[in-house]
Structure formats: C-alpha cells, structure tokens
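The values are calculated or read from the model by the stated rules, or taken from the named source; none is laboratory data. Computed from a prediction, not measured in an experiment: that's the story for all the values here. Cβ coordinates were reconstructed from backbone atoms using ideal geometry, including for glycine residues, and neighbour counts include every protein chain displayed. The accessibility values were calculated without ligands, DNA or RNA, using every heavy atom of the protein model including side chains. Shrake-Rupley method; radii C 1.70, N 1.55, O 1.52, S 1.80 Å.
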Amino acid sequence: MSEEILINFTPMETRVAVVENGMLQEVYIERAAKLGIVGNIYKGKVVRVLPGMQAAFVDIGLDRAAFIHAADIRTDNDEEHRSISQLLREGQSLVVQVTKDPIGTKGARLTTHISIPSRYLVYMPYAEHVGISQRIEDESEREKLKATVQSQLDQLHEEGVENVGGFIVRTVAEGAREKDIHKDLKYLRRLWGSLQESMQTAAPATVIYEDLPLYMRILRDLATPEVEKIRIDSRETHQKCAEFVGKLIPEILDRIEYYPGERPIFDLYNVEDEVQKALTRKVQLKSGGYLIFDQTEAMTTVDVNTGAYVGHKTLEETIFKTNLEAATAIGRQLRLRNLGGIIILDFIDMEDVEHQRQVLRTLEKILEKDHVKCKVTGVSELGLVEMTRKRTRESLEQVLCEPCAVCQGRGMLKTPETVCYEIFRDILRQHRAYNTESYLVLAAQSVVDKLMDEESDRVAELETFIGKTIRFQVEAMYTTEQFDVVLR
C-alpha cells in the first residue's frame, strides 16, 4: 500500500489530501477566516444553566455560546450523579476544552476532561491510568509500551510529584524508541505546567491553549510509517514543517518534499475532481451500480442500487457483488465526505446469511483504516446496517457549501403550475380583504408563461368570478417560487 500526504497552502486556506494507491481517501480544509477549534482550551464563563437538559451554555469568546453536558464535567467520585445546578452556577469561571467544532446552528461542544496530544502520547492531567490504543494489536508490544510509560510515572511518584496524571499511548507509538516516548511525556508535563499558570491569570472567555495549525496536526497525527511521501507546495510551509518534524519526528524528515511544479499539486492526483464528486448525491460504482448519499441534520442515509449492473449468473450473486463493491466505496466516501453521527446503510436485500456476513466484514475491514472512531451495530430487523462515526468537525459539504437560496436547502422547487394556483388563492384572499379595481401579478418568466398559456382559461374564470382584471409582468430576478400580487 502506497500512501502520500499532499499539502496545498495559500494565505487564505490550507488543504491537505491523503492519497492511497493514487486515489484520494481524505481531505482536510482549514480557512484563515474560520479555523477549527477542536482541542483548544479556554477559560470560559457560564452564562446559562439548564436543569431540564442537565447542561449549560458557556461563553468562550465565540459568536455563539458553547454547550457542556453534566456528564462532561469532571467531578470527584462522590459527586458523580450531582445535577448540573449543583455543579455549575451562572457567572462561574470554568476551564474547558472543545470536543466538537460549531456545526450548523449548534455551538461548540465542551468538556472539562482535558487531554493534550503529542506525537506518541495523549496526556490526561486529571486521570490516573495508562491506556494503549486499541489499534495496536500485538500483545507483547502493548505490554512493552505500557511498562515504558508506567516506569516514568513511578519515577515521578518516587520523587514526590503529586497529580502526575494519566496517558494514552497512540497508535503511531508502535515500535517507537523508549527515549522518544519519555521525551514526549516530559514535554507534555512541562506544557501542562505552563497552562496551569495561564489558567490563573487568564480573563474569562479567552483561549489558554490552541492546537497546532492543520498542516502540523496532520504531520503529528497521520504521518505513520506507511506514508511514503509528504509533498508541500509552499516553500515557507515546507521550511516550517521540516523544523517541526526535525524536533518532534526526525525519522520522517527525509520523506518531506517541496513541490515546485507549475502544475497545481492537487491536479497531479485529480484531487479537485474527486472533491467535486464528493459534493454530489450520487456515487457511481465501477460495476454500473450506484450509491445515493442524503445528509440531514440528524443522520446520513446511504442507498445502494444495482443500476445498470445485471450480473452474469443469478440475481442473488448480482446483488451480493454490488453490495460488496458498495461496502468498500461507502468506507472511502465516509472518510472523504467526513460524514459523522448516525449513518444508515440500505444495502440491497440479501437472503443468504453468509452473504450478509461477508458484506459486513468487508465494511468493517475498510473502516479499520479510518482515523475516526466508527462502530457498526449489525443488520437491523428491517435489513438496514446501522453505524456511527464520531463527528468532531463539519462535513466536507458543510465546509464548502451553504443551503440553496432558491429552495432553502430542500433540494426541490415547486412547479410553475403549483405557483400559479398559489397566485390564484392569494388573489382571492386579497379580493375578500380589499376593494380594488385590478391586480398586477409579478412573477418569474416560467410562471407568467404558464399563466398566459396553459392556465389562461383559469385566469379568465377567476376574472369573471371576482369582476376584476388581472395583468401579469415578468420579473427577471424572481425565482420560480417568488411572486407578488399588487393592488391597482
């Protein structure tokens, strides 16, 4: 497997693409005007406590107040089941960390369970255990890594250090040298010490700690041994990355390249074309089948269809092959579109239980490559596959698009015929309410054409019924659904 990371930098925007065997798998976008804040630590101020929701709103200096649930507030063991009004009060200062970016109309999601990542470790200053990433499967390696971290913690305890905290060993730590892990641990402890000092002096609704910019986070989190090349098209960003990697991850320094080519780096791998395809509802499969993605606020649904694929053997075999191909494509599309929350997959119905198991296994195997936590619950009674994917930032569609100003995000427009009859009803409403000599209807070209042609008999009947004349005028700037009835 060949994996490359491409970094496209401009002063306005940074884009990062993860390409596997020449095919785009993930894309990350960070704009200067709208930086992601997941991982940032703030000194917030409680502005409203909601006992009915067991939650509170906290001002952290953003346009919208952020949200924290009682379950995300760190307490002593004996306070575990206390209500939100016992835990927080309005006006109280609170150190919080962002776990979810503001998405749509919702504010950021917060927690007081602070965690700070580095290359190999995640430091949890208020915890007391050592955890190992579940993606590290070798048991001997897990034991070795745990012992490496625990030995350092034991040494700190022997030195009389209080509140040592806990750590999670990250996936990239597999095979790492002991001294590099110890170096990470000491760095995180020093960083936490300086943050504690800032917490004491910071004013409410201010940031205490900001995570790294996107291109550095990608190097820290995704530059695994499988990554063969990291190509950067900005000389200045390449220099910053080289300095960052030289200090933190020197073993990958030789994989970082500056790309000076005249052709845009994303064009080399058709990244822009793939991003455009990821913004459409329909995804074509090589066999002739296709997927339909529908993203709503509550969940995302994926419908699998055979399309033009008719197979060569039996119907069951055709369905099985389509579903297998769809499972692989869905795994890639979830990463590429960054879809999160509840996801419902409507595979084509399979009668063979073994076929169902194989499709589920294929889906789970492809999801193992995902850097975001996924959970597949199996096939429901209705034959749907239910799964969840952790959502921490906006989807690709939410980053690059906004609801249509014409249809208000419905994805559908009323027909000109429907609008004509709305106009008739509005004229009748006006006729009952006001005494006027005539009416002027302002509407889009398609609606006026319909009124003057196919609906002309209805217009004549309405004029006779109300005893008034009705005239029409085209407004070039009106959409199909817009119209005005002017009293004359």
Beyond 14 Å, what percent of the Cα pairs of the range 373-437 remain? 78
In the neighbourhood of residue 438 defined by beta carbon distances under 13 Å, the net charge of the other residues (Lys, Arg +1; Asp, Glu -1) is +1
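Fully extended, how many nm does the chain gain between residue 297 and residue 454 (0.36 nm per residue separation, minus their Cα-Cα distance)? Walk me through the numbers on the way to the answer.
Details: separation 157, 0.36 × 157 = 56.52 nm, distance 3.95 nm.
Length gained, residue 297 through residue 454: 52.6 nm.
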What net charge do the residues around residue 10 carry, taking every other residue with its C-beta under 12 Å from that of residue 10, with Lys and Arg at +1 and Asp and Glu at -1? -2
Quick check on the range 90-160: take the gyration tensor over C-alpha atoms, sort the square-rooted eigenvalues as a ≥ b ≥ c, and tell me if it's rounded (a/c under 1.5), prolate or oblate. oblate
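For the range 151-271, what class follows from the C-alpha gyration tensor (a ≥ b ≥ c being the square roots of its eigenvalues): rounded when a/c is under 1.5, otherwise prolate if a/b is larger than b/c, else oblate? Numbers along the way, then the final one.
Values: a/c = 3.06, a/b = 1.66, b/c = 1.84.
Verdict is oblate for the range 151-271.
How much of the calculated P(r) for the range 407-478 lies past 15 Å, in percent of all Cα pairs?
Working: 1412 of 2556 pairs.
Above the 15 Å cut-off, the range 407-478 has 55 percent of its Cα pairs.
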Quick one: if you stick a label point 7 Å off each Cα along the C-beta vector at residue 129 and residue 221, how many nm between them? 2.3
Quick one: grab the alpha carbon gyration tensor of the range 221-360, order the square roots of its eigenvalues as a ≥ b ≥ c, and give me rounded if a/c is under 1.5, else prolate or oblate depending on whether a/b is larger than b/c. prolate
Considering only protein heavy atoms, what per residue accessible area in square angstrom results for the chain with a 1.4 angstrom probe? 54
P(r) of the range 10-140 over all Cα-Cα pairs, binned every 10 Å from zero, in whole percent: 11, 31, 31, 20, 8, 1
Under a crude label model (7 Å from the Cα following the beta-carbon direction), how far is residue 86 from residue 247 in nanometres? 4.5
The range 311-414 - convex hull of alpha carbons, volume per residue in Å³: 145
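FRET efficiency for residue 471 and residue 400, Cβ-Cβ distance as r, R0 = 56 Å, nearest 0.05?
Values: r = 43 Å, r/R0 = 0.77.
Once rounded, the FRET efficiency stands at 0.80.
Percent of alpha carbon pairs in the chain separated by more than 28 Å? All intermediate terms of the calculation are to be shown ahead of the outcome.
Details: 78851 of 118828 pairs.
I get 66 percent for the Cα pairs in the chain exceeding 28 Å.
Considering only protein heavy atoms and a probe of 1.4 Å, how much of the accessible area of the range 445-488 is carbon and sulfur, as a whole percent?
Details: 1380 of 2860 Å².
Within the range 445-488, the accessible surface is 48 percent carbon and sulfur.
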With N residues in the range 60-216, Rg(alpha-carbon) / (2.2 N^0.38 Å) equals 1.17
